Every structure is written in C-alpha cells, then in structure tokens.
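This report refers to the structure that appears directly beneath it.
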Amino acid sequence: HYRLVLDKVVRPLWEFPSTKCLVQALADALEAHQKAFDSSGGQASILHRDISEGNILFDDNRRGFLCDWELARVGEGTSEANERTGTEEFMSLRLLASMVDDSPVEHEVQDDMESMVYVLLWSAASYAASNMNPDERGRFLSNFDRVPFHELSASVEARRMVIGSQSTVESLKLTTALPFKEVLEEVMTALRQSVLGLSREKKENIRLRLKLETKGSFTEEEVEAVAVREEKTLLAQMGTHDCLRKILKRSLLLGDWGDEKDKAYDHEVRRPGQKTRKRKGRTLPSSQASKKLRGPGSGNIVKVAKGQMALSE
C-alpha cells in the first residue's frame, strides 16, 4: 500500500517541536514500513533498506512519513537481496560486521528495525534537551561515525558497546519529557536482547525462578532448556515490526508528555581532535536533493515533489 504525495510541506526530523513528535514520526514511519513489507492483495513485499534520520519527515500535523525508497527491495530472494545498502551511521550491527568479514548477508526486516532504534537514539543525542557538554556529545556520536574500511572493525566494536551497555540512555543526560527517556530505555533493552541474547544476569534470574517454582528440584539441563527457549524468543523480537511498534504506540497513548515543549536544540558538538561545531544548520542528504525543494525564507521546510513515493499512516 502506498500513496503519492503531491507538494506536501514536510520538515526534516531534526526540526522536531517536541520529543513526542519525534516518537510519533518514527511510529508513523514504522507503520509505513510494515504496510509496504506485509504482502497483501497479491503484491510483492517491499523492504526499505535505507532507514536514516534524513529519510523520516513530519508534517504540520506532526505525523511522520518514510521516504526515499530508491534502495528498496521488491519481493524476496531477488538478485539484489545480498547487496549492502543503507546509511552507515544507522546500519545494523549485523550488516556492519558482514562488511568487516566481507561476507554479504541478506538485508532483513530486523536490520531496518535496528536502524529505526539508531535513528531515535542518534536524534536524542544530537538534538534533544540534555546536560551533555560538546565533548560528551561528540564522543557519543563518534560511535556512529562513518569510518574508512581499515577502521571498520573498531566501529563495529564501538556499536556493540553502545548496544550492550545498560547505561547508554543515562549517559545522554536527557532533560526531556519522562516518556521520551522511558521509550528510549525500552527500545534499547529490546535491541540489546535481540542482538546480544540473554545476559549472565538474565540466565541467573531464570535459575532463581525455576528454583522457586520447583522448590529446588530442577536440573542444569532444565535450566538450559528454558534459557535456550527464552533466548530464542528474545533474538526473534526484532525480526518483525510488532515489538518496536508496541513500544512506541504504548508510549504515545499512555505517556504523560506534559506541555510538549521539549523541542530540538542546536547543540554544539566537539569530536576528539576537532573544533566545536553546531549539529544543525545542515542540508538534506544528497540522495534527496533532487526531490526536495527549499522555498525562500522557509528554513528547513521542504516539499515532497510530485511523484515522490512516501508512506505514512
């Protein structure tokens, strides 16, 4: 399912007026992604394969759009299935690791879901209200930087550390609405479990639970069987849209977002060995330049040109 957007005025994600709008835009983009992928009516499924902050936009009603489908794969088992696609800063750990090993893997739904999480995390670090100083912000964002091939292995390990750390969201020192921090924690927990599996602490919790349930009469084989079953469930949760969709929708429906004035900020960033610079005042990705029109005095407002395929709720 898709529609053609005719001269609809939209804004880039880094202009969000509130963190709730940011979450809403991502939720709408996720729903568009699911509609395109879920094959129905005899149509082949479509997988976007290039989720990035520049490809998610929102309109004056604060609803999101997923655009720039040039790298999308239509159908399964096609010749381009194993092509490496995506924006490196938001590429899944699995795809990045395959570049290091030079062993192409098929781009799957789970890779786009992981990219969605990185868009939210990246946007939070880059633009959301926080007490991070320019050095701290620069160090965090450097974990996602595009690097030369000979540094790619270190980049993969840096990304793995961001996923694995339980203090990743806390390190952002956010001063936003509480639901935004909570939704970040939830999506990062889901990502951590789906990418890294059960932690040692989680396995110990399984052992303690079985001890209580069986009054101590469990075997190591039983513990391992339960752990394997639960780990399999966790590893599969990012393989569909459901996990991320439920987290975002629940936050939007039940969260106390307050006055919704926690807008995007033009934060300073200083990476190691570089001068301080602003995060914003930027242009749209070059892949979109021919499709987005900037009007005089419009700031970062853009128009989706006629014929541009954009999916939303």
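The values are calculated or read from the model by the stated rules, or taken from the named source; none is laboratory data. Keep in mind that what you see is a predicted model, and the values were worked out from it rather than measured. Note that each Cβ is placed from the backbone with ideal geometry, even for glycine, and that neighbours are counted across all protein chains shown. Heavy atoms of the whole protein, side chains included, go into the accessibility calculation; ligands, DNA and RNA do not. Shrake-Rupley method; radii C 1.70, N 1.55, O 1.52, S 1.80 Å.
Some observations on this one:
- Calculated FRET value between VAL228 and ASP256, using beta carbons and R₀ = 35 Å, to 0.05: 0.35
- FRET efficiency for the LYS202 to ASP38 pair, using the beta carbon distance and R₀ = 30 Å, is estimated at 0.45.
- Computed over protein heavy atoms with a 1.4 Å probe, the carbon and sulfur contribution to the accessible area of region 178-247 reaches 54%.
- Extension gain from ASP101 to GLU220, taking 0.36 nm per residue of separation minus the Cα-Cα distance: 39.3 nm
- With 31 Å as the limit, the listed pairs LYS35/LYS202; LYS202/LYS261; LYS181/LYS211; LYS181/LYS202 have LYS35/LYS202; LYS202/LYS261; LYS181/LYS211 beyond it between alpha carbons.
- Shape of region 141-255 from the C-alpha gyration tensor: oblate (a/c of 1.5 or more and a/b not above b/c, with a ≥ b ≥ c the square roots of its eigenvalues).
- The LYS173 and ARG271 beta-carbon pair, evaluated with R₀ = 25 Å, returns a calculated FRET efficiency of approximately 0.90.
- Per residue accessible area of region 91-185, 1.4 Å probe, in Å²: 39 Å²
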